[in-house]
Amino acid sequence: MDGAAVLVPLAFFACVAAIFILPAHFKSKERERMQDTLRAAIEKGQPLPPEVIQAVTSGGKFQSTRTQDIRKAVIWLAVAGGIATIGGVISWYEGYDGEHVVPFAFAAIPLFVGLAYLALGLLNKEK
């Protein structure tokens, strides 16, 4: 069995897992730091601004801004480009037959997610 035949699918699934696992991990760490900061402020008797109380009670769910949507679009489009590049490298070495076009088909998923975020970012009016 060729090494590339094992590494390419493994790299693909590692990238997909990283897309979902890493943001959740960093969000958890951010919440932990926020709780520590709030705990220290409460222990010192400092008043909490209404914005902080609202953010804590709402679970941190805010309306997406134009900048956030465009950033998400750039990330998803970069993922699509990376998957398409993998497909191009495989096709370069193995030949351009129907069997080696699969990564290009998978690249269409993050491509269209990125395009949707881009459209949302461009249509979202800043308040």
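D by Stokes-Einstein for the chain, Kirkwood Rh over Cα pairs, 4 °C, 1.567 mPa s: 72 µm²/s. Between Pro47, Pro110, Pro23, the residue with the greatest mean-square fluctuation in the GNM of the chain (Cα pairs under 10 Å linked by springs) is Pro47.
Phe26 to Ala105: FRET efficiency via 1/(1 + (r/R0)^6), r the Cβ-Cβ distance, R0 41 Å, to the nearest 0.05?
Here the calculated transfer efficiency is 0.85.
How long are the three semi-axes of the equivalent ellipsoid for the stretch 1-51, computed from the Cα gyration tensor as the root of 5 times each eigenvalue, in whole Å, largest first?
Ellipsoid semi-axes (Å, largest first): 45, 9, 4.
For the chain, what is the relative contact order in percent, using Cα pairs closer than 8 Å and at least 6 residues apart in sequence? Please list the in-between numbers first.
Values: 75 pairs, mean separation 35.4, N = 127.
Relative contact order, the chain: 28 percent.
Between Ile83, Ile75, Ile21, the Gaussian network model of the chain with springs among Cα atoms under 10 angstrom shows the greatest mean-square fluctuation at Ile21. Lys-Lys pairs in the chain that are eight or more residues apart or on separate chains and whose Cα atoms lie under 30 Å of each other come to 15.
Throughout, read-outs are computed from the coordinates displayed, never taken from laboratory work. Every value quoted in this text rests on a predicted model; they were computed, and no experiment measured them. Neighbour counts run over all protein chains shown; Cβ positions are idealised from the backbone, glycine included.
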